[in-house]
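Report on the structure given below.
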Amino acid sequence: MKLLTKSVREARLRNGRIREALAEEGTQEADFLPVVKLFTGCELHLTADRARSRRYRLPQARLRPHLGARIRARTGLPVERDLHFVAKHSIAVYAHAAWNAAAIIERPEALHLAAAALAAEGP
């Protein structure tokens, strides 16, 4: 199984180009949907583009059995991609919810609360 499919790579590159163009214009940074969810055994990563600043890494306690990959993280553990992950919120919402829960989560109620909190804060 490929960790980063062609469509995932293209989406990350496209988002990176948009982010860079917005930075050059001095406009507010875009808040993309995560395009891939990766596990490294003891950590979970959500990425929206190739920029390190837009990659969120938090401890993750459990792995899902339907995942698999051939490469290994620096820890020596295999890197796996969640084949069923579909982002329903922007990466900022996932980050806000993760900050509150101390782990990347996908519980709808936690994500809705995080989205509402970010909307209340404004741009």
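Each reported figure results from applying straightforward, stated rules to the coordinates on display, with no laboratory input. All figures in this text were calculated on a predicted structure; none of them were measured in a lab. Backbone-built Cβ (ideal geometry, glycine too); neighbour counts: all protein chains shown.
Things worth noting here:
- Net charge over other residues, Cβ less than 15 angstrom from the Cβ of Leu111 (K, R count +1; D, E count -1): 0
- For peptides 20-29, 79-88, 40-49, sequence by mean Cβ density within 10 Å, most packed first: 40-49, 79-88, 20-29
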